[in-house]
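Notes follow once the structure below has been shown.
The values are calculated or read from the model by the stated rules, or taken from the named source; none is laboratory data. Because the structure is a prediction, the values reported are computed rather than measured. Here the Cβ is made from the backbone with ideal geometry for all residues, glycine too, and neighbour counts use every protein chain on show.
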Amino acid sequence: MDLRARFRRQIEEVVGRHDDPATYGGAPGDPGLCGGPRSISWEVNGHLGSVFAAGLGAIVMEVLHPSVMDGVYTQSSYRTQPQRRAQETLGYVLRTTFGNTEAATAIIERVKRIHGRVGGTRADGVAYRALDPDLIAWVHTCIPWAVVTAFDRYARPLSTDEKDRYLREQAVVGRMGGAEWVPESVAELDAYVERMRPLMAMTEQTRDFVGFLVGDTEGEFHAGRREQLQRRLDLAASMTLMPKWARHLTGTYQPWAVQKAYLEPSVRPTTACSRRYRSFSSVLSGRA
């Protein structure tokens, strides 16, 4: 089996086959939630190399919010089922983008029901609940923010108008997920991130979580030195998509020369292999 076929099989194990009528079918003319084959979301999120390149950075940005981190740390199965958690996140992105309206809506409602049971009080005494519209807005925004940045870098440059269109299309998912407002333009995104920046922190929970991601933990998911180094480089490469302040905060900052000479080139083989999961676009395009 060649690399591209193996890659396709792995994707289908996560999100189902592209021709599954329950998720990716639907009546002719049903554009789903993000606008269908003519949308910029189909092009950007259909470039799975960009989605993968963005993944670690988006996750770390989400949990820099201490309330998000506490919910993940105390009430998530990430330690015992890390692969499943990663698959569910990828599945959510692809199904809400490419799924028919009914299927995409169903997965959003399922996630909301799960999050409805999540809440608590942080170590600093701040109470939170996962369905807080402000927390949902932050968690939602981190994913399209990272993905569109990765696409612009590794696939093709996007105009500001194209980025604005993408954010508007993805905002539908964020609002349906429970956010009252999410950024719908690059200008709004930049202003929003600056407003949220003072709320971000690298807590003990966050340090432990990042340590788990790179394999620096005891137990089944501990990694050897060589694999830890590769995971740290992968994380640093993904974090280059995020602001410099976030890289300094998380300890993933590398000088510009290292970023250009090593981190960004290390991502390109994956983005080239997954140039685009064309079966989504080619098969589903008959729906609209």
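Contact annotation: no residue pair with Cβ atoms under 6 Å, 6 or more positions apart or on different chains, pairs a residue in the stretch 250-263 that is of a type in the set (Phe, Trp, Tyr) and surrounded by fewer than 12 Cβ atoms within 10 Å (Cβ to Cβ) with a partner that is at pLDDT 75 or above and in a helix (DSSP H, G or I).
State all residues of the stretch 31-46 that are more than 14 Å from LYS163 (Cβ to Cβ) and either at pLDDT 95 or above or surrounded by fewer than 23 Cβ atoms within 10 Å (Cβ to Cβ) (or both); if no residue qualifies, say none. Those that are more than 14 Å from LYS163 (Cβ to Cβ) and either at pLDDT 95 or above or surrounded by fewer than 23 Cβ atoms within 10 Å (Cβ to Cβ) (or both): PRO31, LEU33, CYS34, GLY35, GLY36, PRO37, ARG38. Pairing residues of the stretch 121-135 that are touching a residue at least 12 places away in the same chain (Cβ under 8 Å) with residues that are polar (S, T, N, Q) and assigned to a helix (DSSP H, G or I), at Cβ distances under 6 Å and at least 6 apart in sequence or on separate chains, gives TYR128/SER67; LEU135/SER67. Considered as a group, the residues in the stretch 159-189 that are touching a helix residue (DSSP H, G or I) at 6+ places or on another chain (Cβ under 6 Å), touching a residue at least 60 places away in the same chain (Cβ under 8 Å) and more than 11 Å from ILE136 (Cα to Cα) include one that is surrounded by the most Cβ atoms within 10 Å (Cβ to Cβ), and that residue is GLN170.
Elements of the type helices (runs of 4 or more DSSP H) sitting completely within the stretch 52-125 and holding at least 1 residues that are modelled with pLDDT of 90 or more, of a type in the set (Asp, Glu) and in contact with a Gly (Cβ under 9 Å, 6 or more places away or on another chain): these cover 66-75, 101-115. Taking each residue of the stretch 192-209 that is touching a residue at least 40 places away in the same chain (Cβ under 8 Å) and of a type in the set (D, E, K, R) and looking for partners that are part of a helix (DSSP H, G or I) and surrounded by 13 or more Cβ atoms within 10 Å (Cβ to Cβ) with beta-carbon atoms closer than 7 Å, six or more apart or interchain, yields ARG197/TRP245.
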